[in-house]
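Chemist: One structure, pasted below without further comment.
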């Protein structure tokens, strides 16, 4: 499974019993700092500044080690093609915003816009996504890729009229404690649903910030040519997930994919209501 940072040969290959020559044991996201990160004195678009700094939490936060081990903030670019009839590989392109390296791939059922399965860049399944039926809130469960019913983590839409609150809960393997990450508005009522949001470790009283989602590449980085080309395609809608060191970027990115699904459900419901009103009128 590929993550965001330079993969450490000993940790990955020993923990997974892979040979050192296996492609998953090769470094993937080597980042020359002088290339990747802009000098703060030469930022041309201050409106793309992140709302605040991103610091490493006292202990790792997440489930998927290869998406936690980055040593500096990482920005993932999510490019979504809005053309309706597409194959799996064309609906989303999810990449490291600097290097252009593929981070994850998605598979879909023909009848849904929710990803059926999340895979790594080598098409190895990581988990399955399923929306819980007959629930008072919109709840999405991540299940093990082997077809079983074990829930790895859950995401709930706890949003109200005045604010957005998407909550992801799991048991942190580091300490065995229940952990909750919430995606909340960072720029006014409902802004997180338009990709202006902040990820907060809400299970901690101090509520530390773990990342941000923004509709444009933040000035923290210089976006690479591959990501820029995807962003400039007419049919693409893009957003960017900025992740603190030591935080599971796969979990934060998945929360944004679920926001996409929540928006699709809302739009379909509104369209149905308008059609019914027009028919009755």
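The values are calculated or read from the model by the stated rules, or taken from the named source; none is laboratory data. Everything numeric in this text was worked out from a predicted model, so none of it was measured. Cβ: placed from backbone, ideal geometry, glycine included. Neighbour counts: every protein chain shown.
Chemist: What pairs can you find where one residue is in the stretch 104-115 and within 15 Å of residue 127 (Cα to Cα), the other is at pLDDT below 90 and part of a loop (DSSP other than H, G, I, E, B), and their Cβ atoms are less than 8 Å apart, with a gap of 6+ or different chains?
Modeler: From residues that are within 15 Å of residue 127 (Cα to Cα), the pairs are 108/114.
Chemist: Within 24 Å of residue 175 (Cβ to Cβ) and either modelled with pLDDT of 95 or more or assigned to a loop (DSSP other than H, G, I, E, B) (or both): does that describe residue 134?
Modeler: Details: within 24 Å of residue 175 (Cβ to Cβ): no; either modelled with pLDDT of 95 or more or assigned to a loop (DSSP other than H, G, I, E, B) (or both): yes.
Taking the combined requirement at face value, the residue does not satisfy it.
Chemist: Also: Out of the residues in the stretch 144-178 that are surrounded by 14 or more Cβ atoms within 10 Å (Cβ to Cβ), more than 17 Å from the chain's Cα centre (by Cα) and at pLDDT 95 or above, state the one that is nearest to residue 213 (Cα to Cα).
Modeler: Going through the qualifying residues, I end up with 172.
Chemist: Restricting to the stretch 179-188, what's the tally of residues that are closer than 18 Å to residue 78 by Cβ and either under 15 Å from the mean Cα position of the chain (by Cα) or modelled with pLDDT of 95 or more (or both)?
Modeler: Qualifying residue count for the region: 2.
Chemist: Would you tally the residues in the stretch 37-89 being part of a loop (DSSP other than H, G, I, E, B) and modelled with pLDDT of 55 or more? Before the answer, list the steps.
Modeler: First, pick out the residues of the stretch 37-89 that are part of a loop (DSSP other than H, G, I, E, B): 38-39, 43-45, 49-60, 62-64, 68-73, 82-87.
Restricting the remaining residues to those that are modelled with pLDDT of 55 or more gives 49-60, 62-64, 68-73, 82-87.
Residues flagged as part of a loop (DSSP other than H, G, I, E, B) and modelled with pLDDT of 55 or more within the stretch 37-89 amount to 27.
Chemist: Just checking, how many residues over the stretch 94-112 are out of contact with any strand residue (DSSP E or B) (no Cβ under 7 Å at 6 or more places or on another chain) and surrounded by fewer than 17 Cβ atoms within 10 Å (Cβ to Cβ)? Step through it out loud before you land on a result.
Modeler: Quick first cut of the stretch 94-112, residues out of contact with any strand residue (DSSP E or B) (no Cβ under 7 Å at 6 or more places or on another chain) only: 99-100, 110-112.
Filter once more, so that each one left must be surrounded by fewer than 17 Cβ atoms within 10 Å (Cβ to Cβ): 110-112.
Number of matching residues: 3.
Chemist: Which one is surrounded by the most Cβ atoms within 10 Å (Cβ to Cβ), of the residues in the stretch 199-239 that are under 19 Å from residue 169 (Cα atoms) and touching a helix residue (DSSP H, G or I) at 6+ places or on another chain (Cβ under 8 Å)? Steps first, please.
Modeler: Initially, the stretch 199-239 is screened for residues under 19 Å from residue 169 (Cα atoms), giving 199-213.
Pick out the ones that are also touching a helix residue (DSSP H, G or I) at 6+ places or on another chain (Cβ under 8 Å) and you get 199, 210-211, 213.
Values: 199: 30, 210: 27, 211: 27, 213: 26.
Result: 199.
Chemist: Is there a residue being assigned to a strand (DSSP E or B), in contact (Cβ under 8 Å) with a residue 40 or more places away in the chain, over 20 Å from residue 269 (Cβ atoms) and out of contact with any helix residue (DSSP H, G or I) (no Cβ under 6 Å at 6 or more places or on another chain) anywhere in the stretch 144-156? Outline the logic, then answer.
Modeler: Taking the stretch 144-156 first, the residues assigned to a strand (DSSP E or B) are 151-156.
Filter again for in contact (Cβ under 8 Å) with a residue 40 or more places away in the chain, leaving 152-153, 155.
Now drop any that are not over 20 Å from residue 269 (Cβ atoms), which leaves 152-153.
Filter once more, keeping what is out of contact with any helix residue (DSSP H, G or I) (no Cβ under 6 Å at 6 or more places or on another chain): 152-153.
For the stretch 144-156, residues assigned to a strand (DSSP E or B), in contact (Cβ under 8 Å) with a residue 40 or more places away in the chain, over 20 Å from residue 269 (Cβ atoms) and out of contact with any helix residue (DSSP H, G or I) (no Cβ under 6 Å at 6 or more places or on another chain): present.
Chemist: Still on this structure: Taking the stretch 113-123 as the search range and keeping residues that are part of a loop (DSSP other than H, G, I, E, B) and touching a strand residue (DSSP E or B) at 6+ places or on another chain (Cβ under 7 Å), which one is modelled with the lowest pLDDT?
Modeler: Applying the first criterion (part of a loop (DSSP other than H, G, I, E, B)) to the stretch 113-123 yields 113-114, 121-123.
Going one step further and asking which of them are touching a strand residue (DSSP E or B) at 6+ places or on another chain (Cβ under 7 Å), we end up with 114, 121, 123.
Details: 114: 84, 121: 93, 123: 93.
Here the answer is 114.
Chemist: Of all residues in the stretch 189-205, which are out of contact with any strand residue (DSSP E or B) (no Cβ under 6 Å at 6 or more places or on another chain) and within 22 Å of residue 75 (Cβ to Cβ)? Don't jump to the end; show me each part of the working.
Modeler: Here is the first cut: in the stretch 189-205, the ones out of contact with any strand residue (DSSP E or B) (no Cβ under 6 Å at 6 or more places or on another chain) are 189-190, 193-194, 196, 204-205.
Across the stretch 189-205, the qualifying residues are 193, 194, 196.
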